[in-house]
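What follows is a short report on a single structure.
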Amino acid sequence: NSHAVERVDTNGLIHTIAGTHVGGFNGEGPAAATNLQLNVPNGLWVRADGTVYVLDTGNARVRRITTNGVMSTMFFAQSDTNSALDGGRCLWVKDDETLAYFGNKTRVRKWTPANGVQTLASGYTELGTFCVLPAGNLIVADRGGNYVYNVTASGVTNIIAGNGTTSGGGDGSSALSTGFFGPRGVWPVPTGGYLLLLHDGAQLWYVDGANTLHLLVNGIGGNVFVQAGDGQFFYAPDQFFIGEGRSVTMDYAGNIIICESDYGFIRRIRFLRLTP
């Protein structure tokens, strides 16, 4: 609820790059990003060149922040520009800005310059996040429905993980036979498969290319901070290292970044290449 976008540098220092820390709308850019208000931003995409895109849900806009710190609106996420974006979460923008996807509670929305905002896929209970694969398909987490879906670029949807409950299956089992409690974060792994982070279940899983599950990090449900995980090897299935999950990603160096709980903790699992 700080209504801002922060950058954490490699030394762990925090820098505000957009927003005034007061929610609202005080005008349109292009203008200095730290002079323009955001209102409940809840989706972020960073292009390889450093351009940042923000899903500004309270103002129903997707905002663009250039590398020189100037922010402007890329497009409106609602036909009625005065209303907030209900349940807005997650954002992806193609490098050439010819395509964008964002979450809208029960729908994955698609934007193109020619056709504006359309619904790509719908019928979800409460969307978590999604990721876009190189071939163009999306992996979509439905936190409320306890399922994970594959969605094609034309909107065809298939279940790829979850049995619709919160129990059954587990480590070594098929993702389709396992119950996930609140799947919320997904991110593709370069070697195949994807990471799956649970909100209510507070676990990080790796789903491999054969759709088999591997538990990476165990946690304890609830809006808590688990101090025990700091500075320890991440893999210890009998220990609790994280609280409820929000999102997961990987950086260019292969480190896994986990956002957890409303207390606002960011965890990093460092990738250390083994000596051949």
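The values are calculated or read from the model by the stated rules, or taken from the named source; none is laboratory data. Remember, it's a predicted structure, so these values are computed and weren't measured experimentally. With ideal geometry, Cβ positions are generated from the backbone for all residues, glycine too; neighbour counts draw on all protein chains shown. SASA here: full protein model, heavy atoms, side chains in, ligands and nucleic acids out. Shrake-Rupley method; radii C 1.70, N 1.55, O 1.52, S 1.80 Å.
Within segment 86-109, is there a residue that is touching a helix residue (DSSP H, G or I) at 6+ places or on another chain (Cβ under 6 Å), at pLDDT below 95 and part of a loop (DSSP other than H, G, I, E, B)?
Narrowing segment 86-109 to residues touching a helix residue (DSSP H, G or I) at 6+ places or on another chain (Cβ under 6 Å): 88.
Imposing the further condition that a residue be at pLDDT below 95 reduces the set to 88.
With part of a loop (DSSP other than H, G, I, E, B) added as a condition, the list becomes none.
The answer is no, given that none of the residues of segment 86-109 is touching a helix residue (DSSP H, G or I) at 6+ places or on another chain (Cβ under 6 Å), at pLDDT below 95 and part of a loop (DSSP other than H, G, I, E, B).
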How many residues does segment 9-47 hold that are within 17 Å of Asn68 (Cα to Cα), within 21 Å of the chain's Cα centre (by Cα) and either open to solvent by 80 Å² or more (accessible area, probe 1.4 Å) or of a type in the set (Phe, Trp, Tyr) (or both)?
1
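So if I check each of Gly169, Gly103, which one is touching a Cys at 6+ places or on another chain (Cβ under 8 Å) and either farther than 17 Å from Leu196 by Cα or open to solvent by 40 Å² or more (accessible area, probe 1.4 Å) (or both)? First the steps, then the outcome.
Values: Gly169 fails: touching a Cys at 6+ places or on another chain (Cβ under 8 Å).
When all the criteria are applied, what remains is Gly103.
Looking at His3, is it surrounded by 15 or more Cβ atoms within 10 Å (Cβ to Cβ), over 15 Å from Arg64 (Cα atoms) and modelled with pLDDT of 95 or more? Step through it out loud before you land on a result.
Numbers: surrounded by 15 or more Cβ atoms within 10 Å (Cβ to Cβ): yes; over 15 Å from Arg64 (Cα atoms): yes; modelled with pLDDT of 95 or more: yes.
Criteria met by His3.
So if I check each of Thr10, Thr34, Thr20, which one is out of contact with any His (no Cβ under 9 Å at 6 or more places or on another chain), in a loop (DSSP other than H, G, I, E, B) and more than 19 Å from Ser247 (Cβ to Cβ)?
Numbers: Thr34 fails: in a loop (DSSP other than H, G, I, E, B); Thr20 fails: out of contact with any His (no Cβ under 9 Å at 6 or more places or on another chain).
Just one listed residue meets the conditions, Thr10.
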Which one of these is over 18 Å from the mean Cα position of the chain (by Cα), under 18 Å from Ala161 (Cβ atoms) and not polar (S, T, N, Q): Gly209, Gly201, Gly222, Gly231?
Gly209
Return the pair list, or none, for Cβ contacts closer than 6 Å from residues in segment 1-17 that are closer than 13 Å to Gly43 by Cα to residues that are hydroxyl-bearing (Ser, Thr, Tyr) and open to solvent by less than 100 Å² (accessible area, probe 1.4 Å), at least 6 apart or on different chains.
Ala4/Thr16; Glu6/Thr16
Where a residue in segment 248-259 is under 10 Å from Leu197 (Cα atoms) and its partner, wherever it lies, is assigned to a strand (DSSP E or B) and among the hydroxyl-bearing types (Ser, Thr, Tyr), with Cβ under 7 Å and at least six apart:
Cys259/Ser247
Can you tell me which residue within segment 246-276, out of those that are of a type in the set (A, V, I, L, M) and part of a loop (DSSP other than H, G, I, E, B), is surrounded by the fewest Cβ atoms within 10 Å (Cβ to Cβ)?
Leu274
Given the structure, is Phe181 open to solvent by 40 Å² or more (accessible area, probe 1.4 Å), touching a residue at least 40 places away in the same chain (Cβ under 8 Å), hydrophobic (A, V, I, L, M, F, W, C) and assigned to a loop (DSSP other than H, G, I, E, B)?
yes
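Would you be able to tell me the number of residues in segment 220-234 that are of a type outside the set (Gly, Ala, Ser), in contact with a Gly (Cβ under 7 Å, 6 or more places away or on another chain) and surrounded by 13 or more Cβ atoms within 10 Å (Cβ to Cβ)?
Within segment 220-234, the first condition is being of a type outside the set (Gly, Ala, Ser), and the residues that meet it are 220, 223-227, 230, 232-234.
After this cut, where a residue has to be in contact with a Gly (Cβ under 7 Å, 6 or more places away or on another chain) as well, the list is 220, 223-226.
Now narrow it down to the ones that are surrounded by 13 or more Cβ atoms within 10 Å (Cβ to Cβ): 220, 224-226.
Residues meeting the conditions: 4.
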